[in-house]
1. Looking only at strands (runs of 3 or more DSSP E) that lie completely in the range 140-230, which have at least 3 residues being out of contact with any His (no Cβ under 6 Å at 6 or more places or on another chain) and over 30 Å from Trp478 (Cβ atoms)?
2. Test Arg663 against the stated conditions and say whether it is among the basic types (Lys, Arg), within 17 Å of Lys284 (Cβ to Cβ) and surrounded by fewer than 24 Cβ atoms within 10 Å (Cβ to Cβ).
3. For the range 447-527, which helices (runs of 4 or more DSSP H) that fit wholly inside it have 2 or more residues that are within 15 Å of Thr212 (Cβ to Cβ), of a type outside the set (Phe, Trp, Tyr) and at pLDDT 95 or above?
4. Quick one: which of Ile331, Ile307 is under 24 Å from Tyr394 (Cβ atoms), open to solvent by 10 Å² or more (accessible area, probe 1.4 Å) and modelled with pLDDT of 95 or more?
5. Has the range 228-248 got at least one residue that is touching a helix residue (DSSP H, G or I) at 6+ places or on another chain (Cβ under 7 Å), crowded, with 23+ Cβ neighbours inside 10 Å, closer than 27 Å to Arg130 by Cα and aromatic (Phe, Trp, Tyr)?
6. Does Lys242 satisfy the condition of being assigned to a helix (DSSP H, G or I) and among the basic types (Lys, Arg)?
7. Name every residue in the range 150-172 that is open to solvent by less than 50 Å² (accessible area, probe 1.4 Å), under 27 Å from Asp261 (Cβ atoms) and more than 22 Å from the chain's Cα centre (by Cα), in order of residue number.
8. So, in the range 609-632, of the ones that are open to solvent by 10 Å² or more (accessible area, probe 1.4 Å) and in a strand (DSSP E or B), which residue ends up farthest from Gly658 (Cα to Cα)?
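The values are calculated or read from the model by the stated rules, or taken from the named source; none is laboratory data. Here the structure is a predicted model, which means the values were calculated and not measured. All Cβ positions, even for glycine, are placed from backbone atoms using ideal geometry, and neighbour counts span all protein chains on display. Just the protein is used for accessible areas: all its heavy atoms, side chains included, with ligands, DNA and RNA removed. Shrake-Rupley method; radii C 1.70, N 1.55, O 1.52, S 1.80 Å.
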Amino acid sequence: MKLLTTSWLILAIVPFISCPSLAQSTHALTSPNGKIEVEITLDDQITFAVNHESDQVIAPSPISMELADDEKLGATPKLRDKKTDEVDQTVEAPFYKRSQIRDRYNELRLNFQGNYSLIFRAYDEGVAYRFVTDRRDSLTVMNERVTFNFAQNAPVWAPYANVDDHSNYEPQLESSFENIYAKAPISQLDDQRLMILPILADVGNGKKVCITESDLEDYPGMYLNARGGENSLNAVFAEYPKEEEQGGHNNLQMRVTEREDYIARVPGRRTFPWRVMVISEEDKQLADSDLVYLLASPSRVEDISWIKPGKVAWDWWNAWNLYDVDFEAGINNETYKYYIDFAAEQGIEYVILDEGWAVNGEADLMQVIPEIDLQELVIYGKEKGVDIVLWAGYQAFEPDMENVCRHFSEMGVKGFKVDFIDRDDQEAVNFFYQAAKIAAKYQMFLDFHGAYKPTGLNRTYPNVLNIEGVHGLEQMKWRSPETDQVTYDVEIPFIRMVAGPLDYTQGAMRNAIRENYRPVFTEPMSQGTRCRQLAQYIIFESPFNMLCDDPSAYQEETECTEFIAAVPTVWDETQVLDGKVGEYVAIARRKGDDWYVGALTNWDAREITLDLSFLGEGNYQAEVFQDGMNADKVAKDYEKNSIEISDKMLTIKLAPGGGYVARIYR
C-alpha cells in the first residue's frame, strides 16, 4: 500500500488527486568527471538506469536476488540509510598492462531493512553494482535477476556458448568458452542460446557498453540471453551440480548429470560479484579499461617475488614437428631437450610439456609415460636457464591438487597449465580459487585453459598469469576456411580483453592470405600476414605467452624469432592509440625505456597515422617490421627497417589481414 504526502483530510475531500508515494525514491550517483550518471529508483522493486551525458546507455533495469523460502532481496525495498564515498588512490599492478592504476570513483551504498545492501560505483570509464548481505546464517541463492534494458534495439557483439546442442540451457552450461562473435541487433539474436561474457552493445551516438563481471568468487558465472524482449538482455546462471560423472576428453572432465534447484549456497555475510558496464565514447577506450582488475579483491599472496612472467616454447600446436634432427621427434626427452636448447638460445624463460607426458586416459599425473623423465628435464633446463611447466587436465589435477603441487614443486616444476574445466557453476568457480591458493602455497603459477573469462582472479592471486577463454590460434588447426579469425582478432581487444589477459597462443611462422588458409591439424597455419603474428605479442595482454610454432621453424626465421623472444609480456605503461571494433587497433606499450607499438587490421588494407606525442621531446630510433610489398599475395612477406622518429606523427601501412610492429628507443 502506498503512503500519500497529502493530508488524510484533503484525500477525503479530493479523492481523485494522484499523489506521489513516500515509498518511492530516486538516488543518483555521478562519475568523477560528471559524464556518467546512475539513477537508482526504489519502488515496488529496485531499478537502475545509466546515462552518459545526454545519451541513455542502460534504460531502467530491475535488480533482485531470490533466496530460499520465497524471500526476494529487492522486492518492496525499505531503505534504512545510505552512504556515499569518494575514492582516489593508486593500485599497484605487478603483472599487468601498466604497473600502476589510478583507482578513482564515487560510491553509493544503499542499506536496506533485511540486512542487505546494494553498492554502486561510478568511474569515468563505467559503472558497477553488487549485492552485499550481512546475516548470521548461510544463504541459499535460488536466482539473481540481472537485466540490461536498452532504449533501442541495440546491435550486439555476442559470443555464444560453443556447443552444438542449444535445444535448452543445460548443454550450454558446459563449454570451453571459446567462440567468435555474432553481431546482430538484440531482436535478431538467437534467444535459445546463451552468450558468454563479455558482450558489447552499441548504444548509439558512437558510444558502446561492454558488459561483464568482476570479483566472481564462490558463486556461478553469468551468461546473458535475449529471451526477455527485443531491447533486453537477461542473466542466466548455472545451478549447483547435484550429480557428476567423470568423462569427457580423455576422462579428464567432470560432467554434470543432474543439478540442484539453486545456483549457490553461501555464507550469510559476504559481497557478491560486481555487475560491470564499461562505457566508451571512442572504441579505443574499451581496449584501455582497468575496471575488472580494479573491482577485484586485492592480492592474497604476500610475497610475489617468486612469480616470473615470461614466454614459453609450446609443443602441442606444432605437433612436435621438428626437422633436420638426428632423433625421432615426439613426446620424449630428446625432443624436449631440443625445445629447451632453443629456448635457452633465445632467452625464453619456459618450456611446456603439453598433453601426452602422463599416461593417457588415467587422469593421474603421477603416472608418467616411460619416454619422459621429468626430473632429468627439469635439471637439464635449469642448467640452461629454462624452467619447466606441465599441462594437466582438470580431473587429473583437482582431486589431489595439494599433493600434486607439493610433489612437482619439490621436483622443480614452476607451474601448471590446467585445462578442460569447461564450467563456471559455483563448484567450478571455487576450484579456480582453491587451485590458485594451493599453487601459491607451493610457489607455482597457473595458466587456465578450458576456462571462463577473467574476473580479476589475476589480481587476487597474481600467480594466475593467464586465462584462455578466447577463440585463439589453436582453432586454426581445425576450423573451416569460412572462419574469419582475422576480423575476430580486431574485435577481442575491445571485448574479451576488457575482462583481462588472454592466452591466444600466437607466433605462427606458416601464414596464409584469406583464400589460401585451410585447416591442417599437424602443420597448422595462421590467417593473415607474418607481421600480424608479431604484432599480436604487443596487442594481446598475456603475461605468460606462448610461442606456438616449432623450434625448427623459428630457427629458419631468425629476425622474427629474435623480435618475438625479446618482446616483454608485462608492461609499465600502455597507450591505446587508435582503433575501431572489427576494423583495426593500434596500441603502444612501454617497458623500462623502450616503447613497443603494434597494429592490426581486418581483411581491409589501410593506412593509419599514429600520434606518438607521448614519447616526449627529442629524436628516437625504431626497429620496424611491416607488411612486405607482396604480403597481400604471400602472407609471410615482410620488411624490416630501422628508422628515425622526429615527427611524432607516424603513418603506417597495413596489408589485408596485416600487422605492424616497432620497438622505439633512444
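1. Result: 199-204, 207-214.
2. Answer is no for this residue.
3. On the way: elements: 457-460, 485-489, 496-499.
Of the helices (runs of 4 or more DSSP H) lying wholly inside the range 447-527, those with at least 2 residues that are within 15 Å of Thr212 (Cβ to Cβ), of a type outside the set (Phe, Trp, Tyr) and at pLDDT 95 or above span 457-460, 496-499.
4. Just a single option satisfies the conditions, and that option is Ile331.
5. Scanning the range 228-248, I find no residue that is touching a helix residue (DSSP H, G or I) at 6+ places or on another chain (Cβ under 7 Å), crowded, with 23+ Cβ neighbours inside 10 Å, closer than 27 Å to Arg130 by Cα and aromatic (Phe, Trp, Tyr), so the answer is no.
6. Here the answer is no, as Lys242 does not meet what is asked.
7. Hit for the range 150-172 is Pro171, nothing else.
8. Only one residue tops the list, namely Tyr620.
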